[in-house]
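Undergrad: Can you read through this structure? Questions will come right after.
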Amino acid sequence: MIPRYTRPEIGAVWTPQAKLESWLEVELAATEAWAAEGVVPEEAAREAREKAAFTVEAVDEREKVTDHDVAAFVDVVAGSVGEHGRWIHYGLTSSDVLDTALAVQLQRAGEIVCASARGYRDALVERALEHRETLCVGRTHGVHAEPTSFGLRLAGFAFEADRNLHRLEEAFAQLRFGKLSGAVGTYASIPPAVEARVMEKLGLQREDVATQVVPRDRHAFLLATIAIAGAGLERFATEVRNLQKTEVREVEEPFAAGQKGSSAMPHKRNPIRTERITGLARVLRGYSQAGIENVALWHERDISHSGAERVILPDATIGLDYMQDLATKVAAGMTVNTERMRENLGLTYGALFSQRALTALVEAGMTRDDAYRVVQENAQRAWDTRTEFRDLLGEAAPDLELDTVFDYSAYLTHVPEIFERLEALRP
């Protein structure tokens with residue numbers, strides 16, 4: 001991921017240095033496991049732990065000769081150890097190192113991604129509770145429907161964020177698997193006991209049946225989960241963008257001191273953060289597609305997944321972490337224009353009370369179809385002629401108790417029950 005969209009902590013997980021360090025963790029754990037099994041001299045394992053070293057530059061330079069990154073890495077590390085360097089990578093195939101080290105890196109990335117997912121959820125919960133009684137218009141098909149609570153709308157995003165957090169935790173957990181079972185997974189060159197020692201050392205579980213690689217359905221599941229989380233962020237971002245339109249102006253994302261919205265029009269305050277989230281969500285969906293296509297490999301392994309994974313796994317985790325942090329800042333810092341929300345409730349001249357009027361007429365003895373026609377005709381007339389629907393309904397049905405029909409508080413009667421559910425998400 002480009003530096004613009006990379007937060008330092010998760011960026012550090014995916015540097016070339018960090019990748020090779022994770023490879024070294026696997027190599028040293030394997031050498032020590034072999035020593036514990038009595039195959040490799042204990043002195044060799046000890047010297048490997050004390051002396052093993054590399055530089056990214058040295059590995060890159062060696063790869064120009066080997067045209068194989070793991071082989072180049074092994075050559076450099078073995079050379080740094082000296083005589084006992086011959087035991088580095090003993091019995092292993094490249095993917096034993098690559099896939100196990102990748103699992104280690106993904107666990108580190110997962111801690112960061114889940115932390116930012118939790119922060120996003122918590123920010124939404126707090127703003128939802130803050131605005132639990134803030135009345136605003138609900139929209140379906142982009143058209144005014146009935147009044148709702150702005151806090152209730154945010155609560156929906158909060159629960160979605162909570163589901164995405166749990167999905168991410170599950171997706172990273174099912175990637176806590178490595179393998180040291182050799183070229184086609186038969187343990188022909190390395191016994192299960194060595195694998196077990198290495199996995200315990202690294203805090204991983206062993207893959208029950210591996211080929212040369214850990215099955216890629218695990219990685220596809222993570223990438224799909226990341227894409228779903230990105231879609232949830234996009235849904236929130238799209239809502240903010242729509243509410244920030246000049247004609248609506250109910251919500252505005254944070255606008256910092258000194259910020260410029262347009263190079264040409266100084267009055268502009270554009271929703272650039274939520275637009276950025278929307279755009280990056282599209283990237284995550286593309287990565288998910290590539291992850292799914294990586295599942296089907298030839299026989300016991302090919303490397304068609306490898307080139308894609310070098311891009312999509314770091315980028316997807318870095319991108320989602322960045323998006324979650326950005327969405328957290330939007331949720332926590334957005335301006336909520338409650339007065340404008342109240343003004344917008346009146347744009348249909350009371351026509352949004354149509355369902356309450358309908359049920360009131362039915363309760364008064366009118367057939368549902370007749371009641372619907374009376375309400376529909378007068379509601380549309382109110383909107384079209386800018387006449388208060390209450391006045392028109394009073395003429396059409398003079399016996400109705402209008403104060404009961406045109407009561408905003410009725411729309412919030414059961415909202416407290418929903419917010420009791422939301423309270424349970426608070427840390």
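Values in this text are rule-based calculations from the coordinates and carry no lab data. Keep in mind it's a predicted model, so treat the numbers as computed, not measured. Using ideal geometry, Cβ is built from the backbone for each residue, glycine included, and neighbour counts are taken over all protein chains shown.
Undergrad: Taking K and R as +1 and D and E as -1, what net charge do the other residues with C-beta under 14 Å from the C-beta of SER304 add up to? Each step should come with its number before you reach the end.
TA: On the way: positive: ARG216, ARG301, ARG310; negative: GLU293, GLU300, ASP302, GLU309.
Neighbour charge sum, excluding SER304 itself: -1.
Undergrad: Report D for the stretch 285-418 in µm² per second (integer): Stokes-Einstein, Kirkwood Rh on Cα pairs, 25 °C, 0.890 mPa s. Before the final figure, lay out the partial values.
TA: Details: Rh = 20.1 Å.
This corresponds to a translational diffusion coefficient of 122 µm²/s.
Undergrad: Considering the options HIS219, TYR372, GLY258, tell which one lies farthest towards the positive end of the dipole of the chain, charges being +1 on Lys and Arg and -1 on Asp and Glu at the Cβ, about the Cα centre.
TA: GLY258
Undergrad: Let me ask another. So what's the angle, to the nearest 10 degrees on a 0 to 90 scale, between helix 217-243 and the longest Cα principal axis of the chain?
TA: Around 30 degrees separate the two axes.
Undergrad: Using 0.36 nm per residue, how much length does the chain from VAL39 to SER304 gain when fully extended, once their Cα-Cα distance is taken away?
TA: Using 0.36 nm per residue and subtracting the Cα-Cα distance, I get 91.9 nm.
Undergrad: To the nearest 0.05, what FRET efficiency results for GLU395 and ARG421 with a Förster distance of 45 Å applied to their C-beta separation? Show your work: numbers first, answer last.
TA: On the way: r = 42 Å, r/R0 = 0.94.
Using R0 = 45 Å, I get an efficiency of 0.60.
Undergrad: Bin width 10 Å, origin at 0, all Cα-Cα pairs of the stretch 351-405: what percent of pairs per bin?
TA: 28, 62, 11
Undergrad: Here is a further query. Any idea what the alpha-carbon Rg over 2.2 N^0.38 Å comes to for the stretch 1-90?
TA: Details: Rg = 14.9 Å, N = 90, 2.2 N^0.38 = 12.2 Å.
Normalised Rg, Cα atoms only: 1.22.
Undergrad: Just want the answer: with Cβ charges of +1 for Lys and Arg and -1 for Asp and Glu, which residue in PRO191, ALA357, PHE389 is farthest toward the dipole's positive end in the chain?
TA: In the chain, that residue is PHE389.
Undergrad: Which one of MET1, VAL40, HIS68 has its Cα pushed farthest toward the positive end of the charge dipole of the stretch 1-90, where Lys and Arg give +1 and Asp and Glu give -1 at the Cβ?
TA: Of the listed residues, the answer is MET1.
Undergrad: Going by alpha carbons, how many degrees (0 to 90, nearest 10) lie between the helix axis of 304-333 and the longest principal axis of the chain?
TA: Helix 304-333 sits roughly 40 degrees off the main axis of the chain.
Undergrad: Another question about this same structure. At what distance in nm do the modelled label points of GLU293 and LYS260 sit from each other, each positioned 7 Å from its Cα along Cα→Cβ?
TA: Going from the GLU293 label point to the LYS260 one covers 4.0 nm.
Undergrad: Follow-up question, since we're still on this one. Indicate the gyration tensor shape class of the chain (rounded, prolate or oblate), computed on the Cα atoms with a ≥ b ≥ c the square roots of the eigenvalues: a/c under 1.5 is rounded; otherwise a/b larger than b/c is prolate and the rest oblate.
TA: prolate
Undergrad: Among 78-86, 351-359, what's the highest-first ranking by average C-beta atoms within 10 angstrom per residue?
TA: 351-359, 78-86
Undergrad: Next up: Given labels modelled 7 Å from the Cα in the Cβ direction, how far is it in nm from HIS267 to GLN174?
TA: 5.3
Undergrad: Follow-up question, since we're still on this one. Treating the Cα atoms of the stretch 169-295 as identical point scatterers in vacuum, please give the log10 of the normalised Debye intensity I(q)/I(0) at q = 0.10, 0.17 Å⁻¹, two decimals.
TA: For the requested q values the scattering log ratios are -0.54, -0.90.
Undergrad: Taking neighbour Cβ counts within 10 Å as the exposure measure, how do VAL39, VAL194, VAL209 sort from fewest upward?
TA: VAL209, VAL39, VAL194
Undergrad: Once you keep just the Cα pairs under 8 angstrom separated by 6 or more residues, what percentage relative contact order results for the chain?
TA: After rounding, I find 18 percent.
Undergrad: Additional query: With a 10 Å Cβ neighbour count serving as the proxy for reagent exposure, in which order, fewest first, do MET366, MET1 appear? Mind showing how you got there, number by number?
TA: Working: MET366 17, MET1 20.
So the ranking, lowest neighbour count to highest, is MET366, MET1.
Undergrad: Rank the residues TYR120, TYR411, TYR322 as a footprinting-exposure proxy: fewest other Cβ atoms within 10 Å of their Cβ go first.
TA: Details: TYR120 30, TYR411 18, TYR322 21.
The order, fewest Cβ neighbours first, is TYR411, TYR322, TYR120.
Undergrad: For the residue pair GLU343 and GLU61, what label-to-label distance in nm results when each label sits 7 Å from Cα along the Cα-to-beta-carbon direction?
TA: Going from the GLU343 label point to the GLU61 one covers 6.8 nm.
Undergrad: A further question follows. Taking the Cα centre of the stretch 1-146 as origin, sum charge times position over the Cβ atoms of Lys and Arg (+1) and Asp and Glu (-1), and report the length of that vector in debye to the nearest 20. Don't skip to the answer; put the middle values down first.
TA: On the way: 15 positive and 26 negative charges, 164 e Å.
That gives the stretch 1-146 a dipole magnitude of about 780 debye.
Undergrad: Something else about it: Grab the chain and count how many Lys pairs have their alpha-carbon atoms under 29 Å apart, sequence gap of 8 or more, or different chains.
TA: So the count works out to 15.
Undergrad: Same structure, new question: For ALA382, what is the net charge nearby, where nearby means another residue's Cβ is under 13 Å from its Cβ and Lys, Arg count +1, Asp, Glu -1?
TA: Net charge in that neighbourhood comes out at -2.
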